[in-house]
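Here the structure is laid out as structure tokens; the discussion comes afterwards.
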Amino acid sequence: MKEEIKVYRTKESTIFEITFLILALVVWGLIIWFVKQAPDIVPTHFDASGNPNAWGSPVRIVIPCAIITIAGIIMMILSYFPKYFNLAEKHKTPRNYALSIRMLRISSLLMLLLTLVLAWTLLQSTSRSPIPIISIVVIMVIVAIYTSIATHRN
């Protein structure tokens, strides 16, 4: 019987958790500000060509943002419980667990950025300023590509 992998708090995990907390505070501060600045009716859903096809109160945007943030929090917590990772028996090595934990933590940070993208897109769509949203999406793509490359290196 193999030993169970245990995850201990490290400098890296502390940095991820502090970054997550700071990013969550900034993102939710921006979301609250967006809701206060938004008009009374905003687009809440878009069709495949990007045209709004549903309208509603800006407060309704908080619900999906909260769900995505909670998913990020759950991912951050699950990084301490590797026994729930679905790794094949031949891949259950300390290195693969470490990479899986790191990827889970990075994904939780990306969930917060996704929340910001969602709120910005729906609540600031009338401002016609795509530069910040594009920069956030570019950062998300770069982080995802870098993580994928770093994970697959030998």
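The values are calculated or read from the model by the stated rules, or taken from the named source; none is laboratory data. Since this is a predicted model, take the numbers as computed values, not measurements. Every residue, glycine as well, gets a Cβ built from its backbone with ideal geometry; the counts of neighbours run over all protein chains shown. SASA here: full protein model, heavy atoms, side chains in, ligands and nucleic acids out. Shrake-Rupley method; radii C 1.70, N 1.55, O 1.52, S 1.80 Å.
Taking (1) surrounded by fewer than 11 Cβ atoms within 10 Å (Cβ to Cβ); (2) within 12 Å of LEU123 (Cβ to Cβ) in turn, ILE63 satisfies each apart from (2).
Take the conditions (1) open to solvent by less than 30 Å² (accessible area, probe 1.4 Å); (2) more than 24 Å from TYR146 (Cα to Cα); SER57 misses just one of them, which is (1). Determine if the stretch 64-82 includes at least one residue that is under 25 Å from ALA98 (Cβ atoms) and hydroxyl-bearing (Ser, Thr, Tyr). Checked against the condition, which is being under 25 Å from ALA98 (Cβ atoms) and hydroxyl-bearing (Ser, Thr, Tyr), the stretch 64-82 yields at least one hit.
Looking across VAL7, VAL35, VAL27, one residue alone is in contact with a Phe, Trp or Tyr (Cβ under 6 Å, 6 or more places away or on another chain), in contact (Cβ under 8 Å) with a residue 60 or more places away in the chain and either part of a helix (DSSP H, G or I) or surrounded by 14 or more Cβ atoms within 10 Å (Cβ to Cβ) (or both). It is VAL7. The condition of being at pLDDT below 85 and out of contact with any Leu (no Cβ under 7 Å at 6 or more places or on another chain) holds for only one of LEU114, LEU110, LEU123, that being LEU123. Among residues of the stretch 50-99 being outside any helix (DSSP H, G or I) and modelled with pLDDT of 80 or more, the one that is nearest to the chain's Cα centre (by Cα) is SER79.
Each residue in the stretch 10-49 was checked for being among the small types (Gly, Ala, Ser) and either modelled with pLDDT of 85 or more or within 12 Å of TRP120 (Cα to Cα) (or both), and 4 of them qualify.
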